[in-house]
1. Report the residue count in region A:264-276 for those that are part of a loop (DSSP other than H, G, I, E, B) and either surrounded by 19 or more Cβ atoms within 10 Å (Cβ to Cβ) or in contact with an Asp or Glu (Cβ under 9 Å, 6 or more places away or on another chain) (or both).
2. Go through region A:226-238 and count every residue that is hydrophobic (A, V, I, L, M, F, W, C), within 12 Å of RNA strand B (Cβ to nearest atom) and farther than 18 Å from A:HIS142 by Cα.
3. Please verify whether A:ALA52 is in contact with a Gly (Cβ under 7 Å, 6 or more places away or on another chain) and under 23 Å from A:ARG367 (Cα atoms), treating the condition exactly as stated.
4. Filter region A:73-93 for residues that are within 20 Å of A:ARG289 (Cβ to Cβ) and in contact (Cβ under 8 Å) with a residue 12 or more places away in the chain; which is surrounded by the most Cβ atoms within 10 Å (Cβ to Cβ)?
5. Find the residue count for region A:56-72, including only residues that are over 13 Å from the mean Cα position of the chain (by Cα), surrounded by fewer than 15 Cβ atoms within 10 Å (Cβ to Cβ) and outside any strand (DSSP E or B).
6. Which one of these is buried (at least 23 other Cβ atoms within 10 Å of the Cβ) and of a type in the set (S, T, N, Q): A:THR227, A:THR208, A:THR286?
7. If you go through region A:242-263, how many residues are within 12 Å of RNA strand B (Cβ to nearest atom) and not in a loop (DSSP other than H, G, I, E, B)?
8. Taking into account only those residues within region A:306-330 that are touching a strand residue (DSSP E or B) at 6+ places or on another chain (Cβ under 7 Å) and either part of a helix (DSSP H, G or I) or hydroxyl-bearing (Ser, Thr, Tyr) (or both), which is nearest to RNA strand B (Cβ to nearest atom)?
Amino acid sequence: MATKKKTAQQDDASQDAAATGEQTPRFVEDIADKDDDFARWYQDVVYKAEMADESPVRGCMIIKPYGYALWEAIQRGMDDRIKATGHENLYFPLFIPMSFLQKEAEHVEGFAPELAVVTIGGGEELTEALAVRPTSETIIGHTYAKWVQSYRDLPLLYNQWANVVRWEKRTRPFLRTSEFLWQEGHTVHRTEAEAETETRMILSDVYTDFVEKELAIPVIQGRKSPTEKFAGALRSYSMEAMMGDGKALQAGTSHNLGQNFARAFDIQFLDADGTRKLAWTTSWGTSTRLIGAAIMVHGDASGLRMPPRVAPTQVIIVPIWRKEEERALVADAVAAVERDLRAAGLRVKSDWRDQTPGFKFNDWELRGVPLRLEIGPKDVSKDQAVLVRRDNRTKEFVPRADLAARAQTLLAEIQQGMYDAALAFRKARTYTAATFDELAARMADRP
RNA sequence: CGGGGUGUAGCGCAGCCUGGUAGCGCACCAGUAUGGGGUACUGGUGGUCGGAGGUUCAAAUCCUCUCACCCCGACCA
């Protein structure tokens, strides 16, 4: 039945191709139509490209190697910027005493409904229940109170990479899961102005800079409305990006917590003028949701499209051969090319699976690898390779000696092209972007 | 929490109305030919039909209970 359907579709596609003079038809029946059912398209792509797998625990997900490799690239890019702006990494425990969460009224009200709570340890009822952290302001506030004594101790500029748990009612892989990975920065400052500067600096110099340059996602920075702000914050800022379905997604938040948590946890310091003062704190976070954002912004009918700068694999080499002698010949050429590209700093892989080339082409397009190199007997004899772009399928024959340089040029072009396309898409959709206009208006008070 | 729906092989499904001991596609394994855009043919592996109880000579199928998941709504990051 499915075979019939496949054949029928292929025939249709062939006719279309013949009629319009386009290139080869594609098989996309296993991915839902992006324009018709975006939510299903998203799920299909996530699972078929092996970014993630379903979890036996409701609302959670298993991040597969390909998805995790992207997360590692995000971590690297984000971590570099966090450190470049003067922060250090540390780590706080997963468990938080329930009483901590109750110390900040607005905070507990906001997070209580979605807490996972541990009441038994080692077979015995605990004297105090422990919350699995939904976010770490409270346990960190408690600790910072001990670390801060003098104005000379300030500022504290720390960040942690961790997992958090929020018992969400409706979940979607990467976008909203009961457990997710993130970084959360927590800083303490001497003055309100300094805390505000930090809050906004993180949003622009760390978050926006990374997401726009590395993930090729244009964002709009703005301030969250009072109802949308972080539970317990004075002011919350966020960067919002437009997804492929025309909807906005919060891609990162930065909160000026004012003195709310300092008050709740007694973070005080003796200032230069000899008086005790409450400190000013901030917190900010980005999560594995960024993976979902990248998928939704850049993906197309064929599947994922990885921004070259973070792509786990930037160039995939598909060897082509018929007979064993050819295979050996091609293998040598592939190994040599792989060496060249690696030496040039490119992330490259070759695919020697026993599948037809066509199968591999589609498979790697589904996974979104930006560049493909085809190397067959004909290429070996001419000391060249066929270089193909994932985005527009442009093919070119490139002499072996020029491959690395040409690939680098194309990757840069593709990266820029992805950003430009996403920006153009957003601008063309202003009619659905009331939220963006609102955000843009709020941007007036940006530094 | 209210309304609707679905549980049969790793995935997607048929079979149920009208009981007779489980089937199709994909995937997987083997072989042959193939290989520059999802390759074809042949053979094969794999399921106590969500769970419990009942009716019956006989239950995936009928009855009762139960569990889980999905969609819509409500609630909420």
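1. Of the residues in region A:264-276, 1 are part of a loop (DSSP other than H, G, I, E, B) and either surrounded by 19 or more Cβ atoms within 10 Å (Cβ to Cβ) or in contact with an Asp or Glu (Cβ under 9 Å, 6 or more places away or on another chain) (or both).
2. 1
3. Criteria met by A:ALA52.
4. Only one residue fits best here, namely A:ILE82.
5. The qualifying residues number 4.
6. Answer to the selection: A:THR286.
7. Within region A:242-263, the first condition is being within 12 Å of RNA strand B (Cβ to nearest atom), and the residues that meet it are A:247-253, A:255.
Right, trim to not in a loop (DSSP other than H, G, I, E, B) and you get A:248-253, A:255.
Number satisfying all stated conditions: 7.
8. So the residue we want is A:VAL330.
Since every read-out is calculated from the coordinates, none of them should be taken as a lab result. Being a predicted model, the structure only gives us computed values, none of them experimental. All Cβ positions, glycine included, derive from the backbone under ideal geometry; neighbour counts span all protein chains shown.
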